[in-house]
Amino acid sequence: MMKRLSIFVSGNGTNLQRIAEYFKGNNDVEIVNVVCNNPKAYSIERAKNLGIPLRMITKAEFNSPEFTEEMRSLNLDLIVLAGFLWKIPASLIQAYPRQIVNIHPALLPKYGGKGFYGEHVHEAVVAAKEQFSGITIHYVNEIYDSGEIILQAYTALEPGETPDSLAAKIHKLEQAYFPVAIEQVLKH
């Protein structure tokens, strides 16, 4: 049976691009739409170039019962948060229990929660002189970055590591592991 995905984005969309390329030609997976909350996001251009329907959303719409019903009507198997920066409303989590996954650019439970996203995470990791960082792919629940962990991948911090150099390493991990983790979740 065809598995149906929706990908939520707020930014550049490199993970969206990688996920779409990974599943291209896979007759068992369809990316039904991309939901974007940022009218300036390059993700919009990527969705258009990939031929994936785009749904722009305001904060009020996103938190409305109508949006949850709209998503439910799509008969999704999985919602993928790929750099999406809004907290998911409880109604959507309840409509899709253990069917919403997120990627976080650190090894949770460290450096997670409200305000820990993007460069803020890498700055904190470098400032704390951690030996390792990485990515965490996890299910989404009502509390930021606290859902059950699906997969973690690690990278060592080198002497002189900067937030930018760490971000580049983390990005490579995301590209390598996120699509594979999504495929594994879809198989269960």
| message | Would you confirm, using the coordinates I've provided, whether Ile88 is part of a loop (DSSP other than H, G, I, E, B), under 22 Å from Pro105 (Cβ atoms), at pLDDT 95 or above and under 16 Å from the mean Cα position of the chain (by Cα)? | response | yes
Flagged in region 6-27 as more than 16 Å from Gln175 (Cα to Cα) and touching a residue at least 40 places away in the same chain (Cβ under 8 Å), in numbering order, are Ser6, Phe8, Ser10
Test for Arg98: is it closer than 12 Å to Val140 by Cβ, among the basic types (Lys, Arg) and over 12 Å from the mean Cα position of the chain (by Cα): yes
Residue pairs qualifying under the 6 Å Cβ cut-off, at least six apart or on distinct chains, with the first in region 117-128 being farther than 14 Å from Glu174 by Cβ and of a type in the set (Asp, Glu) and the second being at pLDDT 95 or above and assigned to a helix (DSSP H, G or I), are Glu119/Pro163; Glu123/Pro163
Among residues of region 33-72 being outside any helix (DSSP H, G or I) and among the aliphatic types (A, V, I, L, M), the residue farthest from Leu16 (Cα to Cα) is Ile57
Of Asn26, Asn63, Asn37, Asn33, the only residue that is surrounded by fewer than 17 Cβ atoms within 10 Å (Cβ to Cβ) and either under 18 Å from the mean Cα position of the chain (by Cα) or not hydroxyl-bearing (Ser, Thr, Tyr) (or both) is Asn26
Of the residues in region 130-188 that are of a type in the set (Val, Ile, Thr) and part of a strand (DSSP E or B), the one that is surrounded by the most Cβ atoms within 10 Å (Cβ to Cβ) is Ile135
If you go through Leu5, Leu16, Leu85, Leu92, the only one that is closer than 26 Å to Ser146 by Cβ and touching a Lys or Arg at 6+ places or on another chain (Cβ under 8 Å) is Leu16
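The values are calculated or read from the model by the stated rules, or taken from the named source; none is laboratory data. Here the structure is a predicted model, which means the values were calculated and not measured. Every residue, glycine among them, receives a Cβ derived from its backbone with ideal geometry; neighbour counts consider all protein chains shown.
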